[in-house]
Amino acid sequence: MKKTLLPVFFLFIVSSFTAHKFYVSLTEIEYVEEKKMLQIISKVFLDDIEAVLGQRYEEEVSFTKDETSNASAERLLVRYYTQKLQLKVDDKDVTLNYIGSEIEADQLVVYLEVNKVNPFSAIRITNHVLMDLFEDQQNIVHVTARGTTKSMMAVQERESQLLKFR
């Protein structure tokens, strides 16, 4: 009798926990010295970015295969990313150029670049992406330059950090 009750008890315990959604994004920045360029790939969950864009700009936002709705969504995405992701290279503001985006499973992959970047010793990254919607949002950023990778995690209390390369 005890052997049959154990699986039922285990099932009850496991089902009593609710699934917790994690709010996380991943941004990878690579400095390509030959091209004097920062190449940026940012991955966010599709439903999260649609929700934040819809709330922020009071428009229905959906990234689909439909060209018309995608043009509107991408316009808002560019506007949002240029406000929420900022870089300073050696204390100089740089301009992010939007290259495009694509859907991979349940994520939106955003491609950006910064041109005319000379070798640098420090980069300040401010990543507010999705923090205006999710209080516990965590934005992981990896920066690779001259064979070295440095990482940071932006959270509400600390969304900006300086990474030094020597």
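The values are calculated or read from the model by the stated rules, or taken from the named source; none is laboratory data. It should be emphasised that the depicted structure is a prediction, and the values quoted were computed from it without experimental measurement. Here the Cβ positions follow ideal geometry from the backbone for every residue, glycine too, while neighbour counts run over all protein chains shown. Side chains included, ligands, DNA and RNA excluded: accessible areas come from the protein's heavy atoms. Shrake-Rupley method; radii C 1.70, N 1.55, O 1.52, S 1.80 Å.
For region 141-152, the candidate set comprises residues that are over 17 Å from residue 43 (Cα atoms) and in contact (Cβ under 8 Å) with a residue 40 or more places away in the chain; within that set, the residue that is farthest from the chain's Cα centre (by Cα) is 146.
One residue alone among 129, 110, 117 is open to solvent by less than 10 Å² (accessible area, probe 1.4 Å), in a strand (DSSP E or B) and among the hydrophobic types (A, V, I, L, M, F, W, C), and that residue is 110. The set of residues in region 102-120 that are charged (D, E, K, R) and modelled with pLDDT under 95 comprises 102, 104, 106. Considering each residue of region 85-95 in turn, none proves to be touching a residue at least 12 places away in the same chain (Cβ under 8 Å), open to solvent by 50 Å² or more (accessible area, probe 1.4 Å), over 13 Å from the mean Cα position of the chain (by Cα) and more than 21 Å from residue 161 (Cα to Cα). Look at residue 123 and say whether it is outside any loop (DSSP other than H, G, I, E, B), open to solvent by 40 Å² or more (accessible area, probe 1.4 Å) and at pLDDT 95 or above. Taking the combined requirement at face value, the residue does not satisfy it. Restricting region 101-140 to residues that are among the β-branched types (Val, Ile, Thr) and more than 23 Å from residue 160 (Cβ to Cβ), the residue that is farthest from the chain's Cα centre (by Cα) is 103. Right, residue 99: at pLDDT below 95, touching a strand residue (DSSP E or B) at 6+ places or on another chain (Cβ under 9 Å), hydrophobic (A, V, I, L, M, F, W, C) and surrounded by fewer than 16 Cβ atoms within 10 Å (Cβ to Cβ) or not? Answer is no for this residue. Does residue 152 satisfy the condition of being surrounded by 17 or more Cβ atoms within 10 Å (Cβ to Cβ) and not in a loop (DSSP other than H, G, I, E, B)? It is true that residue 152 is surrounded by 17 or more Cβ atoms within 10 Å (Cβ to Cβ) and not in a loop (DSSP other than H, G, I, E, B). Tell me whether region 72-81 contains one or more residues that are part of a helix (DSSP H, G or I), farther than 18 Å from residue 140 by Cα and in contact (Cβ under 8 Å) with a residue 60 or more places away in the chain. Within region 72-81, not a single residue is part of a helix (DSSP H, G or I), farther than 18 Å from residue 140 by Cα and in contact (Cβ under 8 Å) with a residue 60 or more places away in the chain.
Scanning region 31-60 for residues that are surrounded by 16 or more Cβ atoms within 10 Å (Cβ to Cβ) and of a type in the set (Asp, Glu) yields 48, 50.
Looking across 63, 12, one residue alone is of a type outside the set (Ser, Thr, Tyr), open to solvent by less than 30 Å² (accessible area, probe 1.4 Å), farther than 15 Å from residue 128 by Cβ and modelled with pLDDT under 95. It is 63.
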